[in-house]
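Take a look at the structure below.
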Amino acid sequence: SQQGEEDPQALSIQEGENATMNCSYKTSINNLQWYRQNSGRGLVHLILIRSNEREKHSGRLRVTLDTSKKSSSLLITASRAADTASYFCYIPLDTGRRALTFGSGTRLQVQP
Amino acid sequence: NAGVTQTPKFQVLKTGQSMTLQCAQDMNHEYMSWYRQDPGMGLRLIHYSVGAGITDQGEVPNGYNVSRSTTEDFPLRLLSAAPSQTSVYFCASSYSKGGNTEAFFGQGTRLTVV
């Protein structure tokens, strides 16, 4: 199944620094989405970028998409301790199957 | 508008017992899914449904049954619980709008099988 693979698996930074995580995929896409999961909670949708977009911003989040390299990056600027979470990318399947499948995610730890 | 509601939040079962995890959504979403998440891992898809009366298997369906008699409800049944089914279970619902599908997740059910 088409799913994104996040990199790195774990990332530890100091509060105020920027955090960058990457997602690679294998086939053509319609859009790519990023989700956050706080410890022990469900996933929360963060941002969606369409295949014809190269960059998108939402608050302190910046997402880029390079369809030629089949990769996306999520940048969190001026990180806060509350950003500590796991981050997952998701690519919707183009077939009739609509269930979301996720990679293992990037575990971000922001040290105060 | 409650979103996706899962019950119970916590459950302890003995090996061999059966139980049903409940999931309900009030957003009239067509698509609903069940996932399990083991410590330090991503989510693995158990079963999903693309509409009332239609279900399909995901990556790890063995030991679980689902049904979708209404749009709102998508219960997950453990037929004979095993320690390997100790996990956190998440239900999700989603809509499809021109191919762009955002998912909404429940808060999870933490299941321990002893």
Among strands (runs of 3 or more DSSP E) completely within the range B:15-112, the ones holding 1 or more residues that are polar (S, T, N, Q) are B:19-25, B:31-37, B:43-51, B:54-57, B:64-66, B:87-94
Exercise. Would it be correct to say that B:Ser49 is within 21 Å of A:Gln37 (Cα to Cα) and at pLDDT below 95?
Worked result: no
Within the range B:16-51, residues under 14 Å from the mean Cα position of the chain (by Cα), more than 10 Å from chain A (Cβ to nearest Cβ) and touching a residue at least 60 places away in the same chain (Cβ under 8 Å) come out as B:Met19, B:Leu21, B:Cys23, B:Gln25
Note on the range A:20-50: residues part of a loop (DSSP other than H, G, I, E, B), out of contact with any Phe, Trp or Tyr (no Cβ under 9 Å at 6 or more places or on another chain) and either under 14 Å from B:Gln37 (Cβ atoms) or away from chain B (no Cβ under 11 Å) (or both) are A:Tyr25, A:Lys26, A:Thr27, A:Ser28, A:Asn38, A:Ser39, A:Gly40
Only one of A:Thr106, A:Thr27, A:Thr67 is over 14 Å from the mean Cα position of the chain (by Cα), surrounded by 14 or more Cβ atoms within 10 Å (Cβ to Cβ) and of a type in the set (Ser, Thr, Tyr), namely A:Thr67
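The values are calculated or read from the model by the stated rules, or taken from the named source; none is laboratory data. Just so you know, these numbers come straight off a predicted model, no measurement behind them. Virtual Cβ from ideal backbone geometry, glycine too; neighbours counted across all protein chains shown.
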